[in-house]
Amino acid sequence: MTHPNVEKDDSFQAPEELLQAQALANLLDYAVRIPVIGIRVGLDSLVGLIPVLGDGIMFFASMRILYLGYKMNLPKPLLGNMLRNSVFDMLLGFIPLVGDIFDLFFKANIKNVRIMEQYWVSQNKDIIDAYAKKKYDEWQSSIEN
C-alpha cells in the first residue's frame, strides 16, 4: 500500500527552503575543484582569504542557511547546532593561514544542510518510502513489459 499523498501528488520533493540551502551550501563549500589535488572549495574558502572581512561576509552568507532551517521549522537544538558550526567556522577563519587551511576541510555549510536533510527525512520517512516504492514498482513493471 502506498501513502495517500504519493498517490495524489507525483511531484513530491523536498521543501524549497531545503533545495535553496543545498544550492547555497554547494556554492559556498564546493563550487570549484582544485586541479591536481582534487579538493573542492567554494566561495567560503576563496572569500575567506580576505583577512577578517572575508570571514565576516561568509558568516552572513551561512546565516542564510540557518534562516532557511528556521523557515523549515527545525527544532531549536538543531538550529543551535547549525549556529555553532557557523560560528566555529567564522572564528577559526580569523586565524591567519590556519583558518584558511581549516576552511578547506571543515565545510560548515554542508554540515548544516546535512542537519536540515536529516531532520526533513525523519519527518517525512513514510512518504519518502512510499514514493520510492511507487517509483520502484513503476520501473519494475516497465522492464517486465
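The values are calculated or read from the model by the stated rules, or taken from the named source; none is laboratory data. Here the structure is a predicted model, which is why all the values come from computation and not from measurement. A quick note on method: Cβ atoms are made from the backbone with ideal geometry, for glycine too, and the neighbour counts reach across all protein chains shown.
Tell me, yes or no, whether segment 74-82 has at least one residue that is modelled with pLDDT of 95 or more, among the aliphatic types (A, V, I, L, M), under 19 Å from A23 (Cβ atoms) and buried (at least 19 other Cβ atoms within 10 Å of the Cβ). If you could, list the steps in order and put the result at the bottom.
Going through segment 74-82, the residues modelled with pLDDT of 95 or more turn out to be 74-82.
Narrowing further to those that are among the aliphatic types (A, V, I, L, M): 74, 78-79, 82.
If we keep only those that are under 19 Å from A23 (Cβ atoms) as well, we get 74, 82.
Subsequent filtering for residues that are buried (at least 19 other Cβ atoms within 10 Å of the Cβ) retains 74, 82.
Yes, that holds for at least one residue.
In segment 6-43, how many are outside any helix (DSSP H, G or I) and of a type in the set (D, E, K, R)?
Going through segment 6-43, the residues outside any helix (DSSP H, G or I) turn out to be 9-15, 31-42.
From the residues that got through so far, the ones that are of a type in the set (D, E, K, R) too are 9-10, 33, 40.
The number of residues fulfilling the criteria is 4.
On the given criteria, is D89 closer than 26 Å to Y119 by Cβ and either hydroxyl-bearing (S, T, Y) or at pLDDT below 95 (or both)?
Numbers: closer than 26 Å to Y119 by Cβ: yes; either hydroxyl-bearing (S, T, Y) or at pLDDT below 95 (or both): yes.
So D89 fits the description; yes.
What number of residues within segment 43-63 are of a type outside the set (S, T, N, Q) and in contact (Cβ under 8 Å) with a residue 24 or more places away in the chain?
Filtering segment 43-63 down to residues of a type outside the set (S, T, N, Q) leaves 43-44, 46-61, 63.
Still in the list and also in contact (Cβ under 8 Å) with a residue 24 or more places away in the chain: 44, 48-49, 51-52, 54-56, 58-59, 61.
Result for segment 43-63: 11.
With segment 44-145 as the region, which helices (runs of 4 or more DSSP H) entirely inside it contain at least 3 residues that are of a type in the set (G, A, S) and under 19 Å from the mean Cα position of the chain (by Cα)? Talk me through it step by step, then tell me what you get.
On the way: elements: 53-71, 76-93, 98-105, 108-123, 125-144.
Qualifying helices (runs of 4 or more DSSP H): 53-71.
Give the residue, chosen from V41, V47, that is touching a strand residue (DSSP E or B) at 6+ places or on another chain (Cβ under 8 Å) and more than 29 Å from Q123 (Cβ to Cβ).
On the way: V47 fails: touching a strand residue (DSSP E or B) at 6+ places or on another chain (Cβ under 8 Å).
Just a single option satisfies the conditions, and that option is V41.
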